[in-house]
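Have a look at the structure below before the remarks.
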Amino acid sequence: MRNDLIYNRIKNEKAKEFIKKIPKEIKYNCKLRKIEKDKIIVLKGNDIQDIYISCEGSMQVRNEFDNGFIYSFATVNPIAYIGVMEVMANKKSYSSTLQASTDCIILEIKKDDFINWINKDQELTLEVLQFVSKSMYEQSLKTGEVLAYPAICILISYLIKVFESEDEDIVLLSKTREEIGSILGFSIRTINRNLKLLKEENLISVSRKGITITKEQFYKLIDKLEKVK
């Protein structure tokens, strides 16, 4: 396994014990990754190539739906198995988007390696079943406590931060819509729909070069954010 320096930052004893018992032939292909706060760890709908084990930090589970709302419905703390529920259900893609609420450390295991391991290790199988069962039980108790908010709020907040990060009266955001979607954890369709709305209200300008925001539009975006919250 690579990234010994990151391993030394792990304080969660259960995570350390889990790493110690990984079979040698699998551990060689594993990788520890440090994830910065607010970064997307997995994106809903993406193919599952790896299983992730949360070792440090907190993450938020959320889903994006066609009504334009983002539903944030669970918090993930160490240790947790990310992608396991889908694999056990014989699904090929992640069912939800997972975003880091704090700086996090995750262990990356190839999906096929994890499946081979769980097929041979009864103790691991039991641990995973307990995790999935506990997650589903806790979620059932939280029915009605789901936090919902329009996707456009997050997009506007992002555009405001981009403008504030530059000491200019006119700011050009040259990132593609795919890149913006990846940063925010949204589908391209959601990005396109909301950029179109902002453009129609003259809150941004869009060209082949990217998204342009003037100082006047910046202040209008702030007002818009207050109205749609």
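None of Ile152, Ile156, Ile170 is at pLDDT 90 or above and either assigned by TED's automatic domain parsing to the domain that holds Ser95 or surrounded by 16 or more Cβ atoms within 10 Å (Cβ to Cβ) (or both) except Ile156. Just for the range 24-47: of the residues that are β-branched (Val, Ile, Thr) and in a strand (DSSP E or B), which one is surrounded by the fewest Cβ atoms within 10 Å (Cβ to Cβ)? Ranking the candidates gives Ile40 first. Taking the range 189-213 as the range and being farther than 13 Å from Ile160 by Cβ and touching a residue at least 40 places away in the same chain (Cβ under 8 Å) as the test, the residues that pass are Thr190, Arg193, Asn194, Leu195, Leu197, Thr212. Checking each residue in the range 1-23 for being in contact (Cβ under 8 Å) with a residue 60 or more places away in the chain and not in a loop (DSSP other than H, G, I, E, B) picks out Ile6, Lys14, Ala15, Phe18, Ile19.
Residues are listed down the side, and each one gets a yes or a no for (1) among the charged types (D, E, K, R); (2) over 25 Å from the mean Cα position of the chain (by Cα); (3) modelled with pLDDT of 85 or more; (4) not assigned by TED's automatic domain parsing to the domain that holds Pro23:
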position: Thr176; (1), (2), (3), (4): no, no, yes, yes
position: Ile180; (1), (2), (3), (4): no, no, yes, yes
position: Leu195; (1), (2), (3), (4): no, no, yes, yes
position: Glu201; (1), (2), (3), (4): yes, yes, yes, yes
position: Lys209; (1), (2), (3), (4): yes, yes, yes, yes
position: Gln217; (1), (2), (3), (4): no, yes, yes, yes
position: Lys220; (1), (2), (3), (4): yes, yes, yes, yes
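Of all residue pairs spaced 6 or more apart or on separate chains, those with beta-carbon atoms under 8 Å, a first member in the range 58-83 that is on the phi > 0 side of the Ramachandran plot and exposed (fewer than 15 other Cβ atoms within 10 Å of the Cβ) and a second member that is modelled with pLDDT of 70 or more and not in a strand (DSSP E or B) are Gly68/Ala151; Gly68/Ile152; Gly68/Thr190; Gly68/Arg193; Gly68/Asn194.
The values are calculated or read from the model by the stated rules, or taken from the named source; none is laboratory data. Quick caveat: nothing in here was measured; it's all calculated off a predicted structure. A quick note on method: Cβ atoms are made from the backbone with ideal geometry, for glycine too, and the neighbour counts reach across all protein chains shown.
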